[in-house]
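Report on one structure; see the data block that follows.
Bear in mind that the values in this text are calculations on the coordinates, not laboratory data. Since the model is a prediction, treat every value here as computed from it, not as a measurement. Cβ atoms come from the backbone with ideal geometry, glycine included; neighbour counts cover every protein chain shown.
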Amino acid sequence: MTKTGIRRVAALGLLALGAGATAVAAQATVEIVVESPAMTTGAAMPREYSPDGRNVSPPLTWRSLPPGTRQLAVICQDHGAGNPPPWVHWIIYNIPASAPGLPEGIPFDRADPMPAGLEGATQGNNNWGLAMYRGPAPPAGTVHDYDFTVLALDTELNLPPGLTRAELLAAIEGHVIGQGNMVPTYTRQPAEGGAAFE
Amino acid sequence: MSDTPPPNTISRRDLLKAAGAAGAAALAPAALGAAVPTGNPAVPRALPTLATRAPVGPLMNLTAAETEILSAMIDRLIPTDDMGPGALDAGALRFIDRALSEAEADSVDAYRAGIAALDRYARYSRGTPFAELSARDQDSVLIDVQTGSATGAGAGFVGNSAAFFNLVKDHTWQGTFGDPQYGGNVDFVGWDLIRYPGVRLRVTDEEQRMLEAEDLEPARRSAYDFGQFQAGQSGGGAR
């Protein structure tokens, strides 16, 4: 099994690292299919979703939600970084169950409205303390995995913005009825037609 | 990512709260700007206004190209918006230039290198010079600089990009909210923005009551107008 594959399996045990994880991992859940028109598990993410590019959030779609799904949450985390791991890049929750996914470029400015169909969705704090998506920037020459986890909830929680990962997991404890993930990779990119990354 | 530690992320809201007054802001675009007054929402208060932005003219320590980039950055750190004047209105750019000739003279190279790196990073990551990006894209670039994610990204920041961000941020705050004696806070717009009532050597009971009712007229005096204080060099507070 590759290093990426090992990490992927570990990620399916999901959220099992760090505070607040045990409740989620302990629940019996349905597996959600997570897809993206821009990336896939085990392959490099486009630079547009990193600080080598525009650093916008990538598009995600999901299907096979369990019956009774009322709301969704998404966490993007790097299980190979952070002290303790994971390093959280993105948290978004209060996502209506009717949403088929997340379009590219969820606003990083809270003053900007969420895209149509995502009314009520809000973002939690990543490990930089910012309630927005910030993409991967692993140390030069290293390849990291980025675990985009989708969680289906059996209730509408209407959580406030700015929750940390631990706070979110505590808030949704006992309500996770489905989960799935996608784990693309990333390494710092050279400028297009320019000098290699240093 | 990123093995860089969380930066000392400070929003305009944090900034204005930290300034100890009744004014403040939203963290929007998240880390950077957009003032929103707080305090008693039932008490409408006039926002400070400026008839004209203080002219800058040639600076002593930066080229015209460097000035354009730094000016654009400062304008996003504390933007001029419907909540009132911003850092450029307060003369923060002139303050920084003066500080680079005085107490912050050893930061000139850091400024030049950082400004060049900021622009290289904007071109590398967004394909456009920093000063020509939209305000939203400038904010996104600055967030990457603030978080350290721009470090090494073909830009050549000396050390962590967050160090440059914090250097400029600190000086921008000083140039906006410091004593006007040092060349910033022109016409006391920074103090008016945070509703700082001004330097006073004594406060009567009546003035204290008016202050608590947010009804006290600002003193609009530099501390050095009183004669008891002796001014140091510009930017000395950054150390």
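Quick notes on this structure:
- Debye log10 I(q)/I(0) at q = 0.13, 0.20, 0.21 Å⁻¹ for the stretch A:39-198, Cα point scatterers: -0.59, -1.34, -1.46
- Cα gyration tensor category, rounded, prolate or oblate, for the stretch B:108-239 with a/c compared to 1.5: prolate
- Normalised size of the stretch B:59-142, defined as Cα radius of gyration per 2.2 N^0.38 Å with N residues, equals 1.10.
- When you filter the GluC sites (Glu not before Pro) in the stretch A:73-177 for DSSP loop state and at most 12 other Cβ atoms inside 10 Å of their Cβ, you are left with A:119.
- Ranked list, fewest to most other Cβ atoms within 10 Å of each Cβ, for B:206, B:66: B:206, B:66
- Between residue B:201 and residue B:170, the distance separating the two model label sites (each 7 Å from Cα on the Cα→Cβ line) works out to 3.2 nm.
- Across the stretch B:124-132, rounded Karplus estimates of 3J(HN,Hα) from the backbone phi angles (6.51 cos²θ - 1.76 cosθ + 1.60, θ = phi - 60°) give 5, 8, 10, x, 9, x, 3, 5, 9 Hz, Gly and Pro being marked x.
- Computed from phi, the 3J(HN,Hα) profile of the stretch A:43-54 under the Karplus parametrisation 6.51, -1.76, 1.60 (θ = phi - 60°) reads 10, 5, 6, x, 5, 4, 9, 9, x, 7, x, 6 Hz, with x in place of Gly and Pro.
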